[in-house]
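Here is the structure we will look at, set down as C-alpha coordinates.
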Amino acid sequence: MKEELNLPVRLLMGPGPSDVHPSVLKAMATPLLGHLDPKFLELMNDTMDLLRMVFETKNDMTMSMPGTGSSGMETIFVNLLEPGDKAIVCVNGVFGGRMADVAERCGAEVVKVEAPWGEIIPPEKVKEAIDANKDAKVVAIVHAETSTGVMQPLEEISKLVKANGSLLLVDAVTSLGGAHVNVDKLGIDAVYSGTQKCLSIPPGLAPVSFSDRAVEVLDNRKKKVQSWYLDLTMIRNYWGGERAYHHTAPISMVYALREGLRLIEKEGLDNTVDRHFRNGRALQAGLQAMGMKLVVEKEEERLPMLTSVMIPEGVNDGEVRSKLLNQYDIEIGGGLGDLKGKAWRIGLMGHSCSEKNVMTVLAALENLLTEGGCKVDRGAGLKAAADYLK
Ligand SMILES: *Cc1c(COP(=O)(O)O)cnc(C)c1O
(Lines give C-alpha, C1' and ligand atoms only; values in the text may rest on other atoms or scores of the structure.)
Protein backbone atom coordinates (compact mmCIF):
# COMPACT_ATOMS: atom_id res chain seq x y z
CA MET A 1 0.00 0.00 0.00
CA LYS A 2 1.25 3.47 -0.81
CA GLU A 3 1.61 5.94 2.01
CA GLU A 4 -0.24 9.19 2.33
CA LEU A 5 1.55 12.12 0.67
CA ASN A 6 4.15 13.60 2.94
CA LEU A 7 6.17 16.15 1.04
CA PRO A 8 8.63 18.82 2.12
CA VAL A 9 7.44 22.42 1.98
CA ARG A 10 9.71 24.13 -0.52
CA LEU A 11 10.30 27.77 -1.21
CA LEU A 12 9.78 28.00 -4.97
CA MET A 13 12.18 30.60 -6.32
CA GLY A 14 12.84 29.25 -9.79
CA PRO A 15 11.39 30.28 -13.15
CA GLY A 16 8.00 28.81 -12.21
CA PRO A 17 6.00 27.31 -10.69
CA SER A 18 6.12 29.77 -7.81
CA ASP A 19 4.57 29.52 -4.36
CA VAL A 20 0.80 29.36 -4.21
CA HIS A 21 -0.98 31.74 -1.85
CA PRO A 22 -2.66 29.89 1.07
CA SER A 23 -6.04 31.42 0.30
CA VAL A 24 -5.75 30.07 -3.27
CA LEU A 25 -5.10 26.59 -1.85
CA LYS A 26 -8.14 27.05 0.36
CA ALA A 27 -10.30 28.11 -2.59
CA MET A 28 -9.20 24.98 -4.45
CA ALA A 29 -10.49 22.79 -1.63
CA THR A 30 -14.02 24.21 -2.04
CA PRO A 31 -16.56 21.52 -3.04
CA LEU A 32 -17.29 21.40 -6.76
CA LEU A 33 -20.16 23.06 -8.53
CA GLY A 34 -21.28 21.73 -11.90
CA HIS A 35 -19.71 23.52 -14.85
CA LEU A 36 -23.12 24.85 -15.93
CA ASP A 37 -24.35 25.70 -12.41
CA PRO A 38 -25.60 29.32 -12.41
CA LYS A 39 -23.32 29.98 -9.41
CA PHE A 40 -20.35 28.74 -11.37
CA LEU A 41 -21.29 30.86 -14.39
CA GLU A 42 -21.31 33.88 -12.06
CA LEU A 43 -17.87 32.95 -10.86
CA MET A 44 -16.68 32.78 -14.48
CA ASN A 45 -18.00 36.30 -15.00
CA ASP A 46 -16.05 37.50 -11.96
CA THR A 47 -12.95 35.81 -13.33
CA MET A 48 -13.33 37.52 -16.72
CA ASP A 49 -13.72 40.92 -15.00
CA LEU A 50 -10.62 40.28 -12.90
CA LEU A 51 -8.62 39.12 -15.91
CA ARG A 52 -9.51 42.38 -17.69
CA MET A 53 -8.20 44.22 -14.64
CA VAL A 54 -4.75 42.51 -14.69
CA PHE A 55 -4.43 42.55 -18.49
CA GLU A 56 -5.54 46.23 -18.39
CA THR A 57 -8.06 45.77 -21.18
CA LYS A 58 -11.71 46.16 -22.04
CA ASN A 59 -11.50 43.23 -24.48
CA ASP A 60 -14.73 41.29 -24.45
CA MET A 61 -12.96 38.03 -25.34
CA THR A 62 -10.90 37.65 -22.17
CA MET A 63 -10.97 34.28 -20.41
CA SER A 64 -8.86 31.31 -19.39
CA MET A 65 -8.01 28.21 -21.39
CA PRO A 66 -7.32 24.78 -19.87
CA GLY A 67 -3.64 23.84 -19.69
CA THR A 68 -0.41 25.61 -18.77
CA GLY A 69 1.06 28.72 -20.38
CA SER A 70 1.99 26.79 -23.52
CA SER A 71 -1.69 26.05 -24.08
CA GLY A 72 -2.25 29.82 -24.19
CA MET A 73 0.52 30.05 -26.78
CA GLU A 74 -1.11 27.35 -28.94
CA THR A 75 -4.49 29.04 -28.49
CA ILE A 76 -3.51 32.37 -30.00
CA PHE A 77 -1.57 30.84 -32.90
CA VAL A 78 -4.07 28.14 -33.91
CA ASN A 79 -6.96 30.57 -33.78
CA LEU A 80 -5.32 33.43 -35.68
CA LEU A 81 -3.13 31.63 -38.21
CA GLU A 82 -4.19 29.60 -41.22
CA PRO A 83 -1.92 27.59 -43.51
CA GLY A 84 0.01 29.89 -45.82
CA ASP A 85 -0.22 32.96 -43.55
CA LYS A 86 2.98 34.83 -42.84
CA ALA A 87 4.11 35.31 -39.24
CA ILE A 88 7.01 37.42 -37.99
CA VAL A 89 8.28 35.88 -34.75
CA CYS A 90 10.86 37.55 -32.49
CA VAL A 91 13.35 35.13 -30.96
CA ASN A 92 15.85 36.02 -28.22
CA GLY A 93 15.39 33.01 -25.95
CA VAL A 94 13.62 29.69 -25.48
CA PHE A 95 10.06 30.97 -25.54
CA GLY A 96 10.42 33.04 -28.72
CA GLY A 97 11.82 29.88 -30.31
CA ARG A 98 8.83 27.91 -29.10
CA MET A 99 6.43 30.46 -30.62
CA ALA A 100 8.18 30.07 -33.99
CA ASP A 101 7.79 26.29 -33.72
CA VAL A 102 4.08 26.56 -32.88
CA ALA A 103 3.45 29.05 -35.73
CA GLU A 104 5.21 26.70 -38.17
CA ARG A 105 3.03 23.81 -37.01
CA CYS A 106 -0.01 25.94 -37.90
CA GLY A 107 1.26 25.92 -41.48
CA ALA A 108 2.43 29.52 -41.37
CA GLU A 109 5.46 30.85 -43.18
CA VAL A 110 7.63 32.05 -40.28
CA VAL A 111 10.07 34.95 -40.55
CA LYS A 112 12.32 35.12 -37.48
CA VAL A 113 13.72 38.34 -36.02
CA GLU A 114 16.60 37.27 -33.82
CA ALA A 115 18.69 38.90 -31.12
CA PRO A 116 21.37 37.42 -28.83
CA TRP A 117 20.19 35.80 -25.60
CA GLY A 118 20.27 38.33 -22.77
CA GLU A 119 19.41 41.25 -25.06
CA ILE A 120 16.12 42.80 -26.16
CA ILE A 121 14.79 42.62 -29.72
CA PRO A 122 15.73 46.03 -31.20
CA PRO A 123 12.74 47.81 -32.82
CA GLU A 124 14.91 48.57 -35.91
CA LYS A 125 15.18 44.86 -36.59
CA VAL A 126 11.41 44.45 -36.37
CA LYS A 127 11.03 47.39 -38.77
CA GLU A 128 13.39 45.73 -41.28
CA ALA A 129 11.41 42.49 -41.10
CA ILE A 130 8.09 44.28 -41.55
CA ASP A 131 9.43 46.35 -44.49
CA ALA A 132 10.54 43.14 -46.18
CA ASN A 133 7.30 41.31 -45.32
CA LYS A 134 4.46 43.78 -45.60
CA ASP A 135 2.00 40.90 -45.94
CA ALA A 136 2.78 39.55 -42.44
CA LYS A 137 -0.51 38.75 -40.73
CA VAL A 138 0.96 38.73 -37.22
CA VAL A 139 4.06 39.83 -35.32
CA ALA A 140 4.71 37.79 -32.18
CA ILE A 141 7.00 38.70 -29.30
CA VAL A 142 7.72 37.66 -25.70
CA HIS A 143 7.22 40.37 -23.06
CA ALA A 144 9.22 38.70 -20.26
CA GLU A 145 11.73 36.15 -21.61
CA THR A 146 12.04 33.77 -18.67
CA SER A 147 14.95 31.84 -20.20
CA THR A 148 17.25 34.88 -20.06
CA GLY A 149 15.68 37.45 -17.71
CA VAL A 150 15.06 40.11 -20.39
CA MET A 151 12.14 42.55 -20.25
CA GLN A 152 11.10 43.55 -23.76
CA PRO A 153 9.86 47.13 -24.28
CA LEU A 154 6.79 46.92 -26.51
CA GLU A 155 5.72 50.49 -27.25
CA GLU A 156 7.83 51.24 -30.31
CA ILE A 157 7.36 47.77 -31.75
CA SER A 158 3.61 48.05 -31.31
CA LYS A 159 3.57 51.27 -33.36
CA LEU A 160 5.47 49.59 -36.20
CA VAL A 161 3.12 46.60 -36.20
CA LYS A 162 0.00 48.80 -36.14
CA ALA A 163 1.32 51.02 -38.93
CA ASN A 164 1.59 47.92 -41.11
CA GLY A 165 -1.86 46.66 -40.15
CA SER A 166 -0.55 43.37 -38.72
CA LEU A 167 -1.77 41.82 -35.47
CA LEU A 168 0.49 42.11 -32.41
CA LEU A 169 0.72 38.84 -30.44
CA VAL A 170 2.35 38.91 -27.00
CA ASP A 171 3.56 36.23 -24.57
CA ALA A 172 2.82 37.59 -21.08
CA VAL A 173 3.27 34.30 -19.21
CA THR A 174 5.87 35.65 -16.80
CA SER A 175 4.93 39.33 -16.91
CA LEU A 176 1.20 39.14 -16.05
CA GLY A 177 0.71 40.08 -12.40
CA GLY A 178 4.37 41.08 -11.99
CA ALA A 179 4.55 43.97 -14.47
CA HIS A 180 2.06 46.13 -16.33
CA VAL A 181 1.02 44.38 -19.53
CA ASN A 182 -1.15 47.32 -20.69
CA VAL A 183 -3.01 45.40 -23.37
CA ASP A 184 -5.23 48.30 -24.49
CA LYS A 185 -2.67 51.07 -24.16
CA LEU A 186 -0.17 49.11 -26.25
CA GLY A 187 -2.76 47.91 -28.74
CA ILE A 188 -1.91 44.24 -28.20
CA ASP A 189 -4.25 42.08 -30.32
CA ALA A 190 -3.79 38.72 -28.67
CA VAL A 191 -2.06 37.91 -25.41
CA TYR A 192 -1.68 34.81 -23.27
CA SER A 193 -0.35 34.00 -19.84
CA GLY A 194 -0.14 31.15 -17.33
CA THR A 195 -1.26 30.78 -13.75
CA GLN A 196 1.96 29.48 -12.19
CA LYS A 197 4.29 32.46 -12.55
CA CYS A 198 3.24 35.79 -10.98
CA LEU A 199 -0.39 34.94 -10.15
CA SER A 200 0.32 32.76 -7.06
CA ILE A 201 -1.74 29.90 -8.51
CA PRO A 202 -0.67 26.35 -9.48
CA PRO A 203 -0.03 25.53 -13.15
CA GLY A 204 -3.17 24.55 -15.04
CA LEU A 205 -4.83 27.51 -16.71
CA ALA A 206 -3.82 29.92 -19.45
CA PRO A 207 -5.51 33.34 -19.38
CA VAL A 208 -5.95 34.82 -22.87
CA SER A 209 -7.35 38.06 -24.29
CA PHE A 210 -8.22 39.01 -27.87
CA SER A 211 -8.86 42.50 -29.25
CA ASP A 212 -11.97 43.16 -31.37
CA ARG A 213 -9.71 43.20 -34.42
CA ALA A 214 -8.35 39.77 -33.57
CA VAL A 215 -11.90 38.49 -33.03
CA GLU A 216 -12.79 39.80 -36.48
CA VAL A 217 -9.88 37.84 -37.97
CA LEU A 218 -11.12 34.77 -36.11
CA ASP A 219 -14.67 35.30 -37.40
CA ASN A 220 -13.44 35.56 -40.98
CA ARG A 221 -11.34 32.40 -41.10
CA LYS A 222 -11.52 30.46 -44.33
CA LYS A 223 -10.88 27.13 -42.63
CA LYS A 224 -11.89 25.63 -39.29
CA VAL A 225 -9.40 26.12 -36.43
CA GLN A 226 -7.07 23.12 -36.74
CA SER A 227 -7.33 22.25 -33.02
CA TRP A 228 -10.75 21.13 -31.81
CA TYR A 229 -9.88 21.52 -28.12
CA LEU A 230 -8.55 25.08 -28.40
CA ASP A 231 -11.12 26.35 -30.93
CA LEU A 232 -12.30 29.72 -29.64
CA THR A 233 -15.13 29.92 -32.16
CA MET A 234 -16.77 27.23 -29.99
CA ILE A 235 -15.27 27.98 -26.55
CA ARG A 236 -16.45 31.62 -26.67
CA ASN A 237 -20.02 30.29 -26.47
CA TYR A 238 -19.26 28.77 -23.09
CA TRP A 239 -17.56 31.79 -21.51
CA GLY A 240 -20.13 34.17 -23.04
CA GLY A 241 -23.21 33.96 -25.22
CA GLU A 242 -25.38 30.89 -24.83
CA ARG A 243 -23.10 29.12 -22.30
CA ALA A 244 -22.99 25.99 -24.42
CA TYR A 245 -20.99 22.95 -23.31
CA HIS A 246 -17.69 22.49 -25.13
CA HIS A 247 -15.39 20.78 -22.63
CA THR A 248 -15.83 20.45 -18.86
CA ALA A 249 -14.22 23.48 -17.23
CA PRO A 250 -11.41 22.69 -14.74
CA ILE A 251 -13.68 23.90 -11.92
CA SER A 252 -11.19 23.94 -9.01
CA MET A 253 -8.62 25.76 -11.12
CA VAL A 254 -11.18 28.44 -11.97
CA TYR A 255 -11.77 28.85 -8.21
CA ALA A 256 -8.01 29.23 -7.83
CA LEU A 257 -7.76 31.75 -10.66
CA ARG A 258 -10.56 33.89 -9.30
CA GLU A 259 -8.94 33.91 -5.85
CA GLY A 260 -5.42 34.64 -7.13
CA LEU A 261 -6.72 37.54 -9.18
CA ARG A 262 -8.87 38.78 -6.32
CA LEU A 263 -5.72 39.00 -4.19
CA ILE A 264 -4.14 41.24 -6.83
CA GLU A 265 -7.26 43.41 -6.93
CA LYS A 266 -7.12 43.68 -3.14
CA GLU A 267 -3.43 44.63 -3.09
CA GLY A 268 -3.95 46.94 -6.07
CA LEU A 269 -2.28 46.09 -9.40
CA ASP A 270 0.10 49.07 -9.13
CA ASN A 271 1.21 47.89 -5.69
CA THR A 272 1.66 44.31 -6.88
CA VAL A 273 3.81 45.49 -9.77
CA ASP A 274 5.77 47.77 -7.45
CA ARG A 275 6.41 44.87 -5.02
CA HIS A 276 7.88 42.81 -7.85
CA PHE A 277 10.00 45.70 -9.03
CA ARG A 278 11.42 46.57 -5.61
CA ASN A 279 12.20 43.02 -4.53
CA GLY A 280 13.66 42.16 -7.94
CA ARG A 281 16.00 45.13 -7.91
CA ALA A 282 16.96 44.43 -4.27
CA LEU A 283 17.91 40.85 -5.14
CA GLN A 284 19.93 42.08 -8.12
CA ALA A 285 21.75 44.62 -5.94
CA GLY A 286 22.50 41.87 -3.43
CA LEU A 287 23.85 39.40 -5.98
CA GLN A 288 26.08 42.04 -7.52
CA ALA A 289 27.38 43.12 -4.12
CA MET A 290 28.35 39.48 -3.55
CA GLY A 291 30.54 39.80 -6.62
CA MET A 292 28.26 38.00 -9.05
CA LYS A 293 27.56 39.09 -12.61
CA LEU A 294 24.03 39.36 -13.99
CA VAL A 295 23.30 37.91 -17.44
CA VAL A 296 21.35 40.94 -18.65
CA GLU A 297 23.80 43.83 -18.80
CA LYS A 298 21.47 46.81 -19.00
CA GLU A 299 19.62 47.42 -15.76
CA GLU A 300 16.48 48.76 -17.45
CA GLU A 301 16.24 45.57 -19.53
CA ARG A 302 16.27 43.26 -16.50
CA LEU A 303 13.10 41.52 -15.41
CA PRO A 304 12.22 42.15 -11.78
CA MET A 305 10.49 38.78 -11.30
CA LEU A 306 13.25 36.59 -12.77
CA THR A 307 16.95 37.23 -12.41
CA SER A 308 19.57 35.35 -14.41
CA VAL A 309 22.93 35.40 -12.69
CA MET A 310 26.24 33.92 -13.86
CA ILE A 311 27.56 31.10 -11.68
CA PRO A 312 30.91 32.19 -10.18
CA GLU A 313 34.04 30.54 -11.60
CA GLY A 314 34.81 27.17 -10.01
CA VAL A 315 31.38 26.75 -8.43
CA ASN A 316 29.52 23.52 -9.17
CA ASP A 317 26.03 24.29 -10.49
CA GLY A 318 24.35 21.01 -9.53
CA GLU A 319 25.97 20.83 -6.10
CA VAL A 320 24.85 24.30 -5.03
CA ARG A 321 21.32 23.83 -6.33
CA SER A 322 20.91 20.46 -4.67
CA LYS A 323 22.22 21.86 -1.35
CA LEU A 324 19.86 24.79 -1.65
CA LEU A 325 17.04 22.30 -2.06
CA ASN A 326 18.09 19.75 0.55
CA GLN A 327 19.50 21.98 3.28
CA TYR A 328 17.33 25.05 2.85
CA ASP A 329 14.28 23.78 0.95
CA ILE A 330 14.82 26.48 -1.67
CA GLU A 331 14.36 25.78 -5.36
CA ILE A 332 16.05 27.98 -7.96
CA GLY A 333 16.37 27.26 -11.67
CA GLY A 334 19.35 26.28 -13.80
CA GLY A 335 20.29 27.91 -17.09
CA LEU A 336 18.76 26.93 -20.43
CA GLY A 337 20.38 26.60 -23.85
CA ASP A 338 23.75 28.38 -24.01
CA LEU A 339 23.44 29.26 -20.33
CA LYS A 340 23.08 25.65 -19.16
CA GLY A 341 25.54 25.06 -16.32
CA LYS A 342 26.64 28.70 -16.55
CA ALA A 343 23.78 30.63 -14.98
CA TRP A 344 21.10 30.35 -12.32
CA ARG A 345 17.61 31.74 -12.65
CA ILE A 346 16.13 33.09 -9.46
CA GLY A 347 12.43 33.89 -9.45
CA LEU A 348 10.52 36.32 -7.26
CA MET A 349 7.07 35.70 -8.61
CA GLY A 350 3.64 36.19 -7.09
CA HIS A 351 3.44 34.86 -3.53
CA SER A 352 7.18 34.02 -3.67
CA CYS A 353 7.99 37.70 -4.19
CA SER A 354 8.72 39.10 -0.73
CA GLU A 355 11.49 40.92 1.12
CA LYS A 356 11.77 37.90 3.38
CA ASN A 357 12.55 35.64 0.42
CA VAL A 358 15.09 38.08 -1.04
CA MET A 359 17.00 37.94 2.24
CA THR A 360 16.56 34.19 2.63
CA VAL A 361 17.95 33.29 -0.79
CA LEU A 362 20.86 35.75 -0.50
CA ALA A 363 21.84 34.37 2.91
CA ALA A 364 21.59 30.77 1.74
CA LEU A 365 23.67 31.46 -1.39
CA GLU A 366 26.27 33.31 0.67
CA ASN A 367 26.64 30.31 2.97
CA LEU A 368 26.86 27.76 0.19
CA LEU A 369 29.26 29.76 -1.97
CA THR A 370 31.56 30.37 1.00
CA GLU A 371 31.38 26.71 1.93
CA GLY A 372 32.30 25.83 -1.66
CA GLY A 373 35.51 27.87 -1.42
CA CYS A 374 34.24 30.91 -3.28
CA LYS A 375 35.47 34.26 -1.96
CA VAL A 376 32.37 36.15 -0.90
CA ASP A 377 32.39 39.37 1.07
CA ARG A 378 30.16 38.08 3.89
CA GLY A 379 27.16 40.25 4.62
CA ALA A 380 27.67 42.47 1.57
CA GLY A 381 24.75 40.98 -0.38
CA LEU A 382 22.31 41.27 2.49
CA LYS A 383 23.44 44.82 3.20
CA ALA A 384 23.06 45.94 -0.41
CA ALA A 385 19.57 44.43 -0.62
CA ALA A 386 18.53 45.96 2.71
CA ASP A 387 19.91 49.36 1.67
CA TYR A 388 17.92 49.20 -1.54
CA LEU A 389 14.74 48.32 0.32
CA LYS A 390 15.17 51.05 2.93
C1 LIG B 1 6.73 29.44 -18.49
C2 LIG B 1 6.61 30.13 -19.78
C3 LIG B 1 5.89 29.60 -20.86
C4 LIG B 1 5.28 28.23 -20.86
O5 LIG B 1 4.43 28.01 -19.83
P6 LIG B 1 4.14 26.51 -19.30
O7 LIG B 1 3.27 26.78 -18.16
O8 LIG B 1 5.46 25.91 -18.94
O9 LIG B 1 3.47 25.78 -20.39
C10 LIG B 1 5.78 30.36 -22.02
N11 LIG B 1 6.35 31.57 -22.11
C12 LIG B 1 7.08 32.10 -21.12
C13 LIG B 1 7.70 33.44 -21.29
C14 LIG B 1 7.24 31.40 -19.93
O15 LIG B 1 7.95 31.92 -18.93
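The values are calculated or read from the model by the stated rules, or taken from the named source; none is laboratory data. Bear in mind that the values here come from a model prediction, so they are computed numbers and not experimental data. Note that we place each Cβ from the backbone using ideal geometry, even for glycine, and neighbour counts take in every protein chain shown.
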| Within segment 287-306, is there a residue that is free of Cβ contacts under 8 Å to residues at least 24 places away in the same chain and closer than 23 Å to residue 371 by Cβ? | yes
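With the requirement that a residue be part of a loop (DSSP other than H, G, I, E, B) and surrounded by fewer than 22 Cβ atoms within 10 Å (Cβ to Cβ), what does segment 167-195 give you? Steps first, answer last, please.
First pass over segment 167-195, keeping only residues part of a loop (DSSP other than H, G, I, E, B): 172-175, 177-178, 180-182, 187-189, 193-195.
Those that are part of a loop (DSSP other than H, G, I, E, B) and surrounded by fewer than 22 Cβ atoms within 10 Å (Cβ to Cβ): 180, 182, 187.
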| Any idea which residue in segment 1-31 is nearest to residue 359 (Cα to Cα), counting only those that are in a loop (DSSP other than H, G, I, E, B) and within 16 Å of the ligand (Cβ to nearest atom)? | 13
| task | Scan 367, 316 and give me the residue that is touching a residue at least 12 places away in the same chain (Cβ under 8 Å) and among the polar types (S, T, N, Q). | result | 316
| Enumerated helices (runs of 4 or more DSSP H) restricted to segment 59-151, each holding at least 1 residues that are more than 11 Å from the ligand (Cβ to nearest atom), of a type outside the set (S, T, N, Q) and free of Cβ contacts under 8 Å to residues at least 24 places away in the same chain | 94-105, 123-132
| remark: For residue 91, the lone unmet condition from (1) more than 29 Å from residue 310 (Cα to Cα); (2) surrounded by 20 or more Cβ atoms within 10 Å (Cβ to Cβ); (3) of a type in the set (Val, Ile, Thr) is (1)
| request: State the number of residues belonging to segment 274-319 that are touching a Cys at 6+ places or on another chain (Cβ under 8 Å) and of a type in the set (Val, Ile, Thr). | output: 1
| Before we move on, is residue 47 part of a helix (DSSP H, G or I), of a type outside the set (Asp, Glu), more than 13 Å from the ligand (Cβ to nearest atom) and surrounded by 16 or more Cβ atoms within 10 Å (Cβ to Cβ)? | yes
| remark: Exception for residue 243 within (1) surrounded by fewer than 16 Cβ atoms within 10 Å (Cβ to Cβ); (2) under 30 Å from residue 341 (Cα atoms) falls at (2)
| request: Within segment 1-24, work out how many residues are surrounded by 10 or more Cβ atoms within 10 Å (Cβ to Cβ) and of a type in the set (A, V, I, L, M, F, W, C). | output: 5
| Residue list for segment 322-362, restricted to those being assigned to a helix (DSSP H, G or I), of a type outside the set (S, T, N, Q) and more than 23 Å from the chain's Cα centre (by Cα) | 323, 324, 325, 328, 359, 362
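Results for (1) closer than 22 Å to residue 357 by Cβ; (2) outside the structural domain of residue 336 (by TED's automatic domain parsing), shown as yes or no for each residue.
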| position | (1), (2) |
| --- | --- |
| 233 | no, yes |
| 248 | no, yes |
| 256 | yes, yes |
| 291 | yes, no |
| query | Looking at this structure, is residue 221 within 26 Å of residue 248 (Cβ to Cβ), basic (Lys, Arg), outside any strand (DSSP E or B) and in contact with an Asp or Glu (Cβ under 9 Å, 6 or more places away or on another chain)? | reply | yes
| field | Neighbours by Cβ (under 7 Å, 6+ apart or cross-chain): first from segment 182-210, within 11 Å of the ligand (Cβ to nearest atom); second among the aromatic types (Phe, Trp, Tyr) | value | 206/192
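Against the condition outside the structural domain of residue 145 (by TED's automatic domain parsing), modelled with pLDDT under 95 and aliphatic (A, V, I, L, M), how does residue 368 come out, does it pass?
no
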| note | When residue 235 is run through (1) out of contact with any helix residue (DSSP H, G or I) (no Cβ under 7 Å at 6 or more places or on another chain); (2) closer than 20 Å to residue 70 by Cβ; (3) in a loop (DSSP other than H, G, I, E, B), the failure sits at (3)
| message | Going through 262, 321, 278, 258 one at a time, which residue ends up being out of contact with any helix residue (DSSP H, G or I) (no Cβ under 6 Å at 6 or more places or on another chain), buried (at least 19 other Cβ atoms within 10 Å of the Cβ) and among the basic types (Lys, Arg)? | response | 321
